[in-house]
Amino acid sequence: MGTPEIYINGTYYSRETAMISVYDHGLLYGDGVFEGIRIYGGRIFRLREHLERLYDSAAAIHLAVPLTPEAMEAAVLEAVRRNGKHNGYIRLVVTRGKGDLGLNPDNCTDETVIIIVDDISLYPAEYYEKGIAVITAATRRIGADALDPGIKSMNYLNNILAKIEAKQAGCMEAIMLNREGFVAECTADNIFIAKGGSLATPHSSCGVLRGITRDSVIRLARDMGIPCAETRLTRFDLYGADECFITGTGAEIMPVVRIDGRTVGRGAPGPLTRRLTAAFRELVYRETAGPAVSTG
Ligand code: PXG
């Protein structure tokens, strides 16, 4: 595998030469949106859904993406093709672009579009077998009254602070609560619990990103006849759960076996988690079968 070819505004650069201006408002103010997308066997998983979320996020922050969704889809496919990546990760970023020192977005002339195709650092396989320990972070998820967490914006500072809390506690992940103290999500993953044969996950109004993996799991559960409620969850609900897992593009479905020092269920990945993991792998296989480098 050669050096990655990175797309910036229609031109490809090497990893060493791919650069943006220090006046880019993405850097100066976190003024932009992004997506993280998986490539499985040369096919892109749910590209259309990711693009829809990207354009919705952009619209919410008054950001005009300089490519049509069709042109963006073509650009992503071309970037994957050029990089010859069969399994990996696409980071799609759109920033307000180069401006000057000052928040005024009118001074930004051209939006910056970046497509990076690279390897993904996965959790070690044993974590999927044993499950992970998590904490609830003191750092709260930003509320929809401030910045709607449905927007996948480049402002991840409070998620990063929660991630630091997790690491300081010797854990891989942190659960973030919303301002009311209800469970929202993890730093880059959604969360589910199972209790009495049913699933529950925080409702989008609790301050979560509507994850594409979350959506896949909700639909799979319904197809499998497993009730799944989108509701409000408390830490009490987490501690008393039979099972818990987190979902995301990177982690897929990761079992959680300890929360704030309390053992979840029997302290091992539970039966619903295992069934959904198998069903999710089957879904990915089904949707990404076929000719390489196309949308899955
Ligand atoms: N919540 C948040 C805050 C996220 O950022 C998810 C949930 C899960 O959504 P998906 O659509 O992936 O099921 C995310 C996803 C990265 C990276 O490189 C971040 C995400 C996804 C992929 C890569 O940091 N966040």
### residue 130 vs. criteria surrounded by 15 or more Cβ atoms within 10 Å (Cβ to Cβ), of a type in the set (Lys, Arg) and over 18 Å from the mean Cα position of the chain (by Cα)
no
### Query
Which of the residues spanning region 13-64 are away from the ligand (no atom under 12 Å from the Cβ) and among the acidic types (Asp, Glu)?
16, 24, 31, 56
### Task
Identify the single condition in (1) closer than 26 Å to residue 247 by Cα; (2) open to solvent by 20 Å² or more (accessible area, probe 1.4 Å) that residue 54 does not satisfy, given that it satisfies every other one.
(2)
### Options 175, 191; residue that is outside any loop (DSSP other than H, G, I, E, B), of a type in the set (Val, Ile, Thr), closer than 18 Å to residue 212 by Cα and within 16 Å of the ligand (Cβ to nearest atom)
191
### Message
Out of everything in region 156-215 that is open to solvent by less than 50 Å² (accessible area, probe 1.4 Å) and aromatic (Phe, Trp, Tyr), what residue ends up being farthest from the chain's Cα centre (by Cα)?
### Response
182
### Task
Could you name every one of the helices (runs of 4 or more DSSP H) located completely within region 1-119 that has at least 1 residues being touching a Pro at 6+ places or on another chain (Cβ under 6 Å)?
47-60, 69-83
### Query
If you go through region 216-227, how many residues are away from the ligand (no atom under 16 Å from the Cβ) and open to solvent by less than 20 Å² (accessible area, probe 1.4 Å)?
1
### Yes/no for residue 61 being buried (at least 21 other Cβ atoms within 10 Å of the Cβ), of a type in the set (Val, Ile, Thr) and under 23 Å from the mean Cα position of the chain (by Cα)
no
### Task
Return the total of residues in region 228-259 being under 24 Å from the mean Cα position of the chain (by Cα) and open to solvent by 40 Å² or more (accessible area, probe 1.4 Å).
8
### Task
Among the residues of region 138-147, write down those that are touching a helix residue (DSSP H, G or I) at 6+ places or on another chain (Cβ under 8 Å) and open to solvent by 70 Å² or more (accessible area, probe 1.4 Å).
138, 140
## Note on the structure
Among (1) in the same structural domain as residue 234 (by TED's automatic domain parsing); (2) open to solvent by 70 Å² or more (accessible area, probe 1.4 Å); (3) assigned to a strand (DSSP E or B), residue 135 falls short only on (2)
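The values are calculated or read from the model by the stated rules, or taken from the named source; none is laboratory data. If you're wondering where the values come from, they're calculated on a predicted model, not measured in any experiment. Reconstructed Cβ throughout: ideal geometry from the backbone, glycine too, with neighbour counts over all protein chains shown. Calculation scope for accessible area: heavy atoms of the full protein, side chains included, ligands and nucleic acids excluded. Shrake-Rupley method; radii C 1.70, N 1.55, O 1.52, S 1.80 Å.
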